[in-house]
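Have a look at the structure below before the remarks.
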Amino acid sequence: MPVAGIDLGGTKLAAAAFSEQGEILHRELVQLAGREGSAVGSLIADTVRRLADEHGCTASGVCIPGLYRSATGTVWAPNIPGWDDYPLLEELRSNAPSGHVITIDSDRAAYILGETWKGAAKGASDAIFIAVGTGIGAGILVDGKIVRGRGDVAGAIGWLALDRPYLDRYKGHGCFEDQASGPGLVRVANDFGFSTEGEITTAEIFAAYDRGDTLAKKVIDNAVQLWGMAAANLVSIFNPAMIVFGGGIFGPATQFIDRIAAEARRWAQPIAIEQVQFVASTLGSDAGLYGAGRLAMKTETT
């Protein structure tokens, strides 16, 4: 029977009906258009019911841009106002058709599930997805199981301590994210005195790098070092077979994966680093959608 995958982002909701073989039977995209709190919850609930009614979906997987607290069925999503401790599971269950199964997880967990199901890490049981966009997070799969931690916070690698001294600005998002996320590249560019007409964007930084701009090169070189150091730490701790880089920055940063791997080789445990591949996501912006679909399937071990 078909299942539904629903991927909530900070500005939009992507949804699809999947066949049992993982083929997309139907897909749609809805902009949040300023919705907050319960309005976002209602949008997801309406989507779940409609996909069930119109496409026969018997289960739904939902991934959210934040933390899913499995013990309480609540979610924290900093980009969705009013979602500090939102009772999403209760709302979806109360509005879904009788017998419809709801599964919720973080977007980073969905990313690695999507890539190991239909993407670059297909079939891998030990793999990590490093998502670099507005923030930085990691979906970690060990022995076929998602690593979640005591409070479902595992994978919040934006807080990796990769530099000294500690700066107060790290408090809200962590050291790694401060310098190597999309907004982090802009912060570092401002620190280095990079100038452009109007507000700096990551697209302008990458374009300037391609033109050979010296300051843009410093910004990107700094990020490559940090991406490599973070990957090295993950390799040394988890000994994965594959690290997949994705998110909005990869993208344009895909060209640096060989350099990131070389940097990681300098720092990582020497046996483990020989056993891992560094690759770019092949699902791109659909990684979360496929992962949500995989959540809805009952064949995965999580």
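The values are calculated or read from the model by the stated rules, or taken from the named source; none is laboratory data. Please read these numbers as outputs of a predicted model, since none were measured by experiment. Note that we place each Cβ from the backbone using ideal geometry, even for glycine, and neighbour counts take in every protein chain shown. The area values use the complete protein model at the heavy-atom level, side chains included, leaving out ligands, DNA and RNA. Shrake-Rupley method; radii C 1.70, N 1.55, O 1.52, S 1.80 Å.
Computed quantities for the displayed model
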quantity	calculated
Accessible surface, 1.4 Å probe, highest first, among residues Met242, Met1	Met1, Met242
Axial C-alpha extent at least 18 Å, average Kyte-Doolittle at least 0.5 - helices from the chain (DSSP)	214-238
Relative frequency of Cα-Cα separations exceeding 37 Å in the chain, percent	15 percent
Heavy-atom accessible area order for Thr202, Thr282, largest first, 1.4 Å probe	Thr282, Thr202
Prolate/oblate/rounded call for segment 26-118, Cα gyration tensor, a/c under 1.5 rounded	rounded
Net charge over other residues, Cβ less than 14 angstrom from the Cβ of Asp85 (K, R count +1; D, E count -1)	-3
For the chain: lysine pairs under 19 Å (alpha-carbon distance), excluding those fewer than 8 apart on one chain	5
Relative contact order computed over the chain (Cα-Cα under 8 Å; 6+ residues apart), in percent	22 percent
Three-way shape label, segment 146-209, alpha-carbon gyration tensor, a/c 1.5	prolate
Cα-based radius of gyration of segment 147-302 once divided by 2.2 N^0.38 Å, which approximates compact folds	1.12
